[in-house]
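A short write-up of the structure that comes next.
The values are calculated or read from the model by the stated rules, or taken from the named source; none is laboratory data. Just so we're clear, the structure is a prediction, and the values are computed from it rather than from any experiment. All Cβ positions, even for glycine, are placed from backbone atoms using ideal geometry, and neighbour counts span all protein chains on display. Surface accessibility is based on the protein's heavy atoms, side chains included, excluding ligands, DNA and RNA. Shrake-Rupley method; radii C 1.70, N 1.55, O 1.52, S 1.80 Å.
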Amino acid sequence: MAAAWQDVVQDVVRDAAAVREAAAAAVDAALLAGVLMRTGEQPHASDVVNYAPFTLLPSAVPRALFEQAYAVQQDFNLLVDAVSQNKEFLEQTLASTIKVDDFTARLFRIHMQVLEEGLAQTVFLGINRSDYMFDCGLDGAAALRQIEINTIAASFGGLTSRTTDVHRLVLKVLGKTEEASHLLPNNPAKGLALGIAKAWELYGSQRAVVMFLVEDVQRNIFDQRCVENELWNRNIRVLRRRFRDVWEQGSLDASRRLFVDGQEVAVVYYREGYVPQVYDQQNWEARLLLERSRAVKCPDIATQLAGTKKVQQELSRPGTLEKLLPGHPEAISRIRATFAGLYSLDEGEEGDRIAATAIADPDRFVLKPQREGGGNNLYGEELREVLEKIKDSPERTSYILMDKIKPQPALNYLLRAHSPLQVSECISELGIFGVYVRQGRELVLNQAAGHLLRTKAVEHADGGVAAGVAVLDTPYLV
């Protein structure tokens with residue numbers, strides 16, 4: 001099957017005229033389907049838009065690894081939820097990080113303040129995306145390896161819901177009707193909206209609204225609108241507000257219900273708030289107000305902390321999963337099977353040894369700070385330079401090291417506005433969306449909600465679609 005798909009790709013690459021025709025049809029299909037982003041030149045305007053970048057062809061994904069990624073998603077939902085509820089684990093795990101990473105420290109301080117005051121929130125909503133690459137071993141066999149789990153503002157569930165139809169059309173234009181019929185349906189927007197709607201319903205007020213907390217610059221607005229429109233279709237009112245609006249117009253009543261612009265907010269869905277640059281003093285105050293409220297936060301601050309790289313590294317230590325998920329041995333083995341090698345740079349002998357190993361052989365590793373959003377990781381010579389500089393300072397504890405994953409490249413065309421049409425060697429990253437809702441101690445919803453495949457040229461080590469490096473793609477299972 002994999003060989004058969006490679007033949008299809010080779011077949012397409014050899015016919016330049018067919019590729020040009022298919023690319024033209026693909027771009028129009030993307031515009032028709034709503035695979036859209038605002039432009040960099042006019043990021044506030046929806047009257048000048050372009051298609052979001054995507055691949056001309058779907059990319060091969062090993063069926064067994066795709067199914068493995070789906071099968072473990074409910075386990076990861078359970079794990080993230082367990083970590084978020086475990087005050088001691090978060091405290092111990094992040095102790096070294098919060099000494100040197102001011103952003104994580106401030107989030108952590110809010111977390112502790114809210115716990116001391118007593119949680120007003122009783123319904124909890126998690127929307128996460130677990131990202132993987134396919135590591136090609138020396139024997140040529142591929143293994144599923146988790147890159148990270150995003151617990152805040154995991155994006156592109158909307159646009160990827162619309163990308164499959166574009167690829168189906170492209171294959172038909174290229175005369176590959178049989179292959180077109182094999183593409184799987186995929187609608188994360190619907191799955192994410194289902195979780196938000198469930199949390200809204202359990203909050204228990206028909207009048208209350210869902211608030212999307214959004215960035216000042218919203219180039220990726222159509223991705224969010226896909227989820228938003230699913231909520232409007234269920235007659236759930238949606239507001240779009242920024243931190244600044246919350247600071248100016250937000251308040252809590254005596255029972256800590258949240259009001260913004262005079263409207264009660266049942267669910268706060270963060271599509272902002274994951275990088276330090278967005279927080280000034282006002283925005284930190286707004287974040288604290290939201291966290292103190294009864295509203296369902298997606299994520300609450302503990303769940304955001306559960307997504308830090310330091311937590312990811314700690315989860316890979318022997319015995320940690322057993323403590324967090326007692327009585328779930330099957331879930332633990334499924335989770336552990338996806339882990340890449342992860343290493344602590346904490347002060348002490350172990351950290352010294354790992355830092356020295358990475359400086360001596362930087363191409364074996366990736367250096368990761370506690371940040372979301374793509375474009376933050378360090379590789380190769382850059383990794384060596386940074387580690388050389390911080391190896392004897394406590395600052396190194398704000399990073400973790402991970403084994404570098406080596407996927408098998410494949411040929412594809414990356415369609416970007418105003419870019420030449422050329423074949424590239426590419427690698428892909430598979431994300432699985434997970435949604436869960438907990439009321440008190442009871443998990444009332446726990447499911448995988450769809451997938452996202454992103455592909456980039458091999459020369460780009462790091463970065464996602466929003467960062468302008470990767471493009472949207474569709475898996476073709478082989």
Go through (1) in contact with a helix residue (DSSP H, G or I) (Cβ under 7 Å, 6 or more places away or on another chain); (2) open to solvent by less than 30 Å² (accessible area, probe 1.4 Å) for residue 313 and report which single condition fails. (1)
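Conditions tested, residue by residue: (1) touching a helix residue (DSSP H, G or I) at 6+ places or on another chain (Cβ under 8 Å); (2) of a type in the set (Lys, Arg).
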site	(1), (2)
221	no, no
227	yes, no
248	no, no
253	no, no
256	yes, yes
259	no, no
264	no, no
Which residue is nearest to residue 258 (Cα to Cα), if the candidates are limited to the range 295-327 and must be touching a Phe, Trp or Tyr at 6+ places or on another chain (Cβ under 8 Å) and among the basic types (Lys, Arg)? 297
Yes or no: residue 360 hydrophobic (A, V, I, L, M, F, W, C), open to solvent by 30 Å² or more (accessible area, probe 1.4 Å), closer than 21 Å to residue 144 by Cβ and at pLDDT 85 or above? no
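For the range 147-173, name all the residues that are outside any helix (DSSP H, G or I) and open to solvent by 30 Å² or more (accessible area, probe 1.4 Å). Step through it out loud before you land on a result.
To start, the set of residues in the range 147-173 that are outside any helix (DSSP H, G or I) comprises 147-159.
Result: 148, single match.
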Pairs, please: C-beta under 8 Å, at least 6 apart or cross-chain, first residue at positive phi and in the range 378-393, second open to solvent by less than 30 Å² (accessible area, probe 1.4 Å) and assigned to a helix (DSSP H, G or I)? 380/362
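Just to be sure, is residue 231 of a type in the set (A, V, I, L, M) and either open to solvent by 20 Å² or more (accessible area, probe 1.4 Å) or under 30 Å from residue 281 (Cβ atoms) (or both)?
no
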Please enumerate the residues belonging to the range 252-270 that are touching a residue at least 24 places away in the same chain (Cβ under 8 Å) and open to solvent by 10 Å² or more (accessible area, probe 1.4 Å). 252, 255, 256, 257, 263, 264
Scanning the range 391-414 for residues that are open to solvent by 40 Å² or more (accessible area, probe 1.4 Å) and farther than 28 Å from residue 95 by Cα, which turns out farthest from the chain's Cα centre (by Cα)? 411
Can you give me the ranges of the strands (runs of 3 or more DSSP E) entirely in the range 12-105 with at least 2 residues that are surrounded by fewer than 20 Cβ atoms within 10 Å (Cβ to Cβ)? 49-51
Working only within the range 287-305, note down all residues that are buried (at least 23 other Cβ atoms within 10 Å of the Cβ) and either aliphatic (A, V, I, L, M) or assigned by the TED database to the domain that holds residue 398 (or both). 290, 295, 296, 301, 302, 305
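Does residue 424 meet the test of being modelled with pLDDT of 90 or more, among the hydroxyl-bearing types (Ser, Thr, Tyr), surrounded by 15 or more Cβ atoms within 10 Å (Cβ to Cβ) and in the same structural domain as residue 453 (by the TED database)?
So residue 424 fits the description; yes.
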Can you find even one residue in the range 178-196 that is in the same structural domain as residue 311 (by the TED database) and on the phi > 0 side of the Ramachandran plot? no
Quick check on my filter: what residues within the range 177-203 are open to solvent by 30 Å² or more (accessible area, probe 1.4 Å) and in a loop (DSSP other than H, G, I, E, B)? 181, 182, 184, 185, 187
Out of (1) open to solvent by less than 60 Å² (accessible area, probe 1.4 Å); (2) over 23 Å from the mean Cα position of the chain (by Cα), the odd one out for residue 206 is which? (1)
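Give, as residue ranges, the strands (runs of 3 or more DSSP E) completely inside the range 433-478 that count at least 1 residues that are at pLDDT 90 or above, over 19 Å from residue 407 (Cα atoms) and open to solvent by less than 40 Å² (accessible area, probe 1.4 Å). Reasoning before the result, please.
On the way: elements: 442-457, 471-473, 475-477.
In the range 433-478, 442-457 are the strands (runs of 3 or more DSSP E) which contain 1 or more residues that are at pLDDT 90 or above, over 19 Å from residue 407 (Cα atoms) and open to solvent by less than 40 Å² (accessible area, probe 1.4 Å).
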Given (1) open to solvent by 60 Å² or more (accessible area, probe 1.4 Å); (2) outside any strand (DSSP E or B), residue 417 misses just (1)
Whether any residue in the range 334-341 is at pLDDT 90 or above, open to solvent by 30 Å² or more (accessible area, probe 1.4 Å), assigned to a helix (DSSP H, G or I) and not assigned by the TED database to the domain that holds residue 386 is what I want to check. yes
Any pair with Cβ under 6 angstrom, 6 or more apart, that starts in the range 331-358 at a residue that is touching a residue at least 60 places away in the same chain (Cβ under 8 Å) and ends at one that is surrounded by fewer than 17 Cβ atoms within 10 Å (Cβ to Cβ): 340/403; 341/403
Just to be sure before I move on: is residue 389 assigned to a strand (DSSP E or B), modelled with pLDDT under 95 and either out of contact with any Leu (no Cβ under 7 Å at 6 or more places or on another chain) or in the same structural domain as residue 39 (by the TED database) (or both) in the structure I sent? no
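Go through the range 342-355 and give me each residue that's hydrophobic (A, V, I, L, M, F, W, C) and either not assigned by the TED database to the domain that holds residue 394 or not in a loop (DSSP other than H, G, I, E, B) (or both). Steps first, answer last, please.
Taking the range 342-355 and keeping what is hydrophobic (A, V, I, L, M, F, W, C), we get 342, 345, 354-355.
Matches in the range 342-355: 342, 354, 355.
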